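Input: a single structure, listed below in structure tokens.
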Amino acid sequence: MPRWQLRYAIACAAIIGWSLAYALASWSRWPRVIYDPLAREWSVASRLPSPVPIDYLGLVAWGTGGAALGAALALVASRFWKKPLRPIALTLLGAWALTAFLYAGTYFTWTLWPF
């Protein structure tokens with residue numbers, strides 16, 4: 001596999017992993033790091049105790065872990081796949097990465113909407 005294809009596949013897998021982990025951590029209410037600026041304290045919880053605490057850093061931590069896992073899986077898969085990827089496979093990887101990113105963004109836009 002050419003090096004540029006390997007880098008492209010790893011980047012796409014990292015974007016997919018980031019998007020899935022970041023959105024699923026919020027949607028599934030996985031435990032995450034939460035900072036309460038009024039009480040000036042950090043905690044780990046699955047739900048926000050009030051509207052004020054900030055769970056962004058916890059979601060970023062989940063997203064970073066998902067990106068690392070996605071990149072690692074792509075790297076392991078590349079060890080078994082020695083031939084160059086076909087153009088359709090490269091297109092699908094890019095489409096899946098963009099779709100995952102857009103779905104995660106759409107989910108968070110929906111949760112911020114005042115319903």
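Computed from the coordinates by the stated procedures, all read-outs in this text should not be read as laboratory data. Only a predicted model underlies this, so the values are computations on that prediction, with no experimental measurement involved. Ideal geometry is used to build each Cβ from the backbone, glycine not excepted, and the neighbour counts take in all protein chains shown.
Quick one: how many residues across the stretch 33-72 are touching a residue at least 12 places away in the same chain (Cβ under 8 Å) and closer than 24 Å to residue 97 by Cα?
The number of residues fulfilling the criteria is 15.
Of these, 96, 18, 30, which one is touching a residue at least 24 places away in the same chain (Cβ under 8 Å), closer than 29 Å to residue 111 by Cβ and assigned to a loop (DSSP other than H, G, I, E, B)?
The match here is 30.
Quick test for you: out of 78, 43, pick the one residue that is among the polar types (S, T, N, Q) and closer than 15 Å to residue 12 by Cα.
Step by step, each of 78, 43 is checked, and only 78 is among the polar types (S, T, N, Q) and closer than 15 Å to residue 12 by Cα.
Those residues that are of a type in the set (S, T, N, Q) and either without any contact (Cβ under 8 Å) to a residue 60 or more places away in the chain or surrounded by 15 or more Cβ atoms within 10 Å (Cβ to Cβ) (or both), I need them from the stretch 99-114; list them, please.
Here is the first cut: in the stretch 99-114, the ones of a type in the set (S, T, N, Q) are 99, 106, 109, 111.
Correct list: 99, 106, 109.
Residue-by-condition table, conditions (1) within 22 Å of residue 24 (Cβ to Cβ); (2) polar (S, T, N, Q):
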site: 70; (1), (2): yes, no
site: 81; (1), (2): no, no
site: 97; (1), (2): yes, no
site: 106; (1), (2): yes, yes
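Considering the stretch 21-70 alone, what residues qualify as being surrounded by 15 or more Cβ atoms within 10 Å (Cβ to Cβ) and acidic (Asp, Glu)?
If the condition is that a residue be surrounded by 15 or more Cβ atoms within 10 Å (Cβ to Cβ) and acidic (Asp, Glu), then 36, 55 are the ones that fit.
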